[in-house]
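**Student:** Dropping the structure in here first, questions after.
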């Protein structure tokens, strides 16, 4: 079992507050996020952007694995994920993650490539996470 962590801090109300997000590796270290970055187009990071980046990178690795299992090695894999946040039932929900893929795979037929691409979409751990059980450890301090 492998565990990775991220952390967030928040101060203030929903619209006037601000927060920071960090990753265990330090790649993100107290990166600022807030309401306007998430909902009003202000430059900066937000949870949906981070999910999209995670999905794109996980998918590219999963595709590399599936192609390898089929006897192919990709020369290049370029993936973009676009996450959709919509108002649903009086709240907000991530309703979609659309993957866009361009890959150069020497020797692969269109059929073999599409089979691998679809297999990676289903098998990618972040694809599975987007339909996962959510658990919580909460402590009021």
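The values are calculated or read from the model by the stated rules, or taken from the named source; none is laboratory data. Here the structure is a predicted model, which is why all the values come from computation and not from measurement. Every residue, glycine among them, receives a Cβ derived from its backbone with ideal geometry; neighbour counts consider all protein chains shown.
**Student:** For the structure I just gave you, tell me whether residue 13 is in a loop (DSSP other than H, G, I, E, B) and not assigned by TED's automatic domain parsing to the domain that holds residue 119.
**Tutor:** Answer is yes for this residue.
**Student:** Please verify whether residue 72 is surrounded by fewer than 18 Cβ atoms within 10 Å (Cβ to Cβ), assigned by TED's automatic domain parsing to the domain that holds residue 129 and either modelled with pLDDT of 90 or more or touching a strand residue (DSSP E or B) at 6+ places or on another chain (Cβ under 7 Å) (or both), treating the condition exactly as stated. Even if it seems obvious, please write down each step before you answer.
**Tutor:** Values: surrounded by fewer than 18 Cβ atoms within 10 Å (Cβ to Cβ): no; assigned by TED's automatic domain parsing to the domain that holds residue 129: yes; either modelled with pLDDT of 90 or more or touching a strand residue (DSSP E or B) at 6+ places or on another chain (Cβ under 7 Å) (or both): yes.
So residue 72 fails the test.
**Student:** Please determine whether any residue of the stretch 34-57 is part of a strand (DSSP E or B) and over 24 Å from residue 128 (Cα atoms).
**Tutor:** As a first pass, look at the stretch 34-57 and keep what is part of a strand (DSSP E or B): 34.
Then drop every residue that is not over 24 Å from residue 128 (Cα atoms), which leaves 34.
Scanning the stretch 34-57 turns up at least one residue that is part of a strand (DSSP E or B) and over 24 Å from residue 128 (Cα atoms).
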